[in-house]
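Shown next, in structure tokens, is the structure this report addresses.
The values are calculated or read from the model by the stated rules, or taken from the named source; none is laboratory data. Please read these numbers as outputs of a predicted model, since none were measured by experiment. Quick reminder, even Gly has a Cβ in these numbers, built from the backbone with ideal geometry, and neighbours come from all protein chains shown.
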């Protein structure tokens, strides 16, 4: 298996549709730019550091929370009851759950009040990047963060080999009967704690107890654009989604653009 940050980034993408901040508490925002280093994103600065940045034209928007709680599980990951009280319609349910991984590179990712924070006019942002590139001020190898998932709290459990598990304590009123639903309800209420023994049994387990930005999407200028007068007009077609989780793929030469 690849090194932890590399495989973690790939698994997060497969499960959530976003790339994962690593570590979980990494601070990200739309407009942050940087490079892929050993499979993960390392920020160097902000797009606003460059001349011509127009905060009004580009704008930033934060969508409403997608739901009080979201959980994503890799196929084959199970949530098991290992000692939960019976509870009832108006009674608290409390006890322990176990997130069980059948093989390596499986994940459970959960967050509370996740909402997407992004540029309001991404087309104008792309045109601005291409203009900077034509002027020799933007390095095509640089990666720009365009969308970020802001959360009130987040938890991630990830396996580096089969048979690993994480034990969590939950307390919910009222309590769902199904273990996976109980875990999601506990994430929504914030009443979920990672047990010490469970933390040691997992390849990677982490929690973000307060607001943070654990998921993101990013772009970079594609490999073959040329700095000619029509480049800005071509716009979005000159961009690729930035990829992570593959440190063995070398960055191509910069073609002398900076």
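Can you tell me which condition residue 75 does not meet? The list is (1) out of contact with any strand residue (DSSP E or B) (no Cβ under 8 Å at 6 or more places or on another chain); (2) on the phi > 0 side of the Ramachandran plot; (3) loosely packed, with under 13 Cβ neighbours inside 10 Å, and all the others hold.
(2)
What are the residue pairs meeting all of these: first residue in region 206-227, first residue over 30 Å from residue 151 (Cβ atoms), second residue surrounded by fewer than 18 Cβ atoms within 10 Å (Cβ to Cβ) and at pLDDT below 90, Cβ atoms under 7 Å, and 6 or more apart or on different chains?
Note: pairs meeting the criteria are 223/252; 225/231.
For region 93-193, which strands (runs of 3 or more DSSP E) that fit wholly inside it have 2 or more residues that are within 17 Å of the chain's Cα centre (by Cα) and in contact (Cβ under 8 Å) with a residue 60 or more places away in the chain?
107-112, 115-119, 143-151, 153-158
Any residue at all in region 179-192 that's modelled with pLDDT under 80 and surrounded by fewer than 20 Cβ atoms within 10 Å (Cβ to Cβ)?
yes
Quick one: would you say residue 83 is out of contact with any helix residue (DSSP H, G or I) (no Cβ under 7 Å at 6 or more places or on another chain), farther than 21 Å from residue 218 by Cα and not in a loop (DSSP other than H, G, I, E, B)?
Criteria met by residue 83.
Could you look through region 195-254, keep only residues that are assigned to a loop (DSSP other than H, G, I, E, B) and closer than 30 Å to residue 82 by Cα, and pick out the one that is modelled with the highest pLDDT?
211
Taking residue 42 as meeting all but one of (1) touching a residue at least 24 places away in the same chain (Cβ under 8 Å); (2) within 28 Å of residue 133 (Cβ to Cβ); (3) surrounded by fewer than 14 Cβ atoms within 10 Å (Cβ to Cβ); (4) within 22 Å of the chain's Cα centre (by Cα), write down the number of the exception.
(1)
Can you tell me how many residues in region 133-157 are touching a helix residue (DSSP H, G or I) at 6+ places or on another chain (Cβ under 6 Å) and closer than 24 Å to residue 105 by Cβ?
The total comes to 0.
Any residue at all in region 49-71 that's surrounded by 14 or more Cβ atoms within 10 Å (Cβ to Cβ) and without any contact (Cβ under 8 Å) to a residue 40 or more places away in the chain?
No; the residues of region 49-71 include none that is surrounded by 14 or more Cβ atoms within 10 Å (Cβ to Cβ) and without any contact (Cβ under 8 Å) to a residue 40 or more places away in the chain.
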